[in-house]
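Here is the structure we will look at.
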Amino acid sequence: GTKVIEFTYHRPFQDFDAAGDNPDFPQAFHLPLMLELAAMLGPKFGVPLEERMSLFREAKMYRDEALDTIAEEGSYYFQPDIRNG
């Protein structure tokens, strides 16, 4: 064929319930996700506020870059042409 149809679909995020689970996000979001989680867990492990704020700023920078990689979404509806038998 000479035509190609690309599509994405939406589904609920998968749970993180095992050490080997991977984030259910595009690769570009792995670093910002890790940095923000580190900042959020910081108080539990005694990370100073200044360092946590730095992690949040860095996470935001990488998250903004990742958001620039997302293609615009839209809806398409397909149905068979039943007019010609």
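Points to keep in mind about this one:
- E50 being open to solvent by less than 80 Å² (accessible area, probe 1.4 Å), of a type in the set (D, E, K, R) and modelled with pLDDT of 95 or more: no
- Restricting the first member to the stretch 19-38 and to residues that are among the charged types (D, E, K, R), and the second to residues that are open to solvent by less than 50 Å² (accessible area, probe 1.4 Å), the beta-carbon pairs closer than 7 Å and six or more apart or on different chains are E36/A59.
- Residue check, D81 at negative phi, acidic (D, E) and within 18 Å of the chain's Cα centre (by Cα): no
- In the set (1) open to solvent by less than 90 Å² (accessible area, probe 1.4 Å); (2) modelled with pLDDT of 95 or more, A28 fails one condition alone, (2).
- Inter-residue pairs, beta-carbon under 6 Å, first assigned to a loop (DSSP other than H, G, I, E, B) and in the stretch 51-78, second at pLDDT below 95, 6+ apart: T69/A28
- Hey, F25 out of contact with any Phe, Trp or Tyr (no Cβ under 9 Å at 6 or more places or on another chain) and outside any helix (DSSP H, G or I) or not: no
- Filter result for L33 (open to solvent by less than 90 Å² (accessible area, probe 1.4 Å), in contact with a Pro (Cβ under 9 Å, 6 or more places away or on another chain), at pLDDT 75 or above and in a helix (DSSP H, G or I)): yes
- Tallying residues that are under 24 Å from Y62 (Cβ atoms) and open to solvent by 100 Å² or more (accessible area, probe 1.4 Å) within the stretch 1-25 yields 8.
The values are calculated or read from the model by the stated rules, or taken from the named source; none is laboratory data. Note that the structure is predicted; figures quoted are calculated from it, not measured. Here Cβ is always computed from backbone atoms with ideal geometry, including for glycine, and neighbour counts include all displayed protein chains. To get the accessible areas, we keep the full protein, side chains included, count just its heavy atoms, and leave off ligands, DNA and RNA. Shrake-Rupley method; radii C 1.70, N 1.55, O 1.52, S 1.80 Å.
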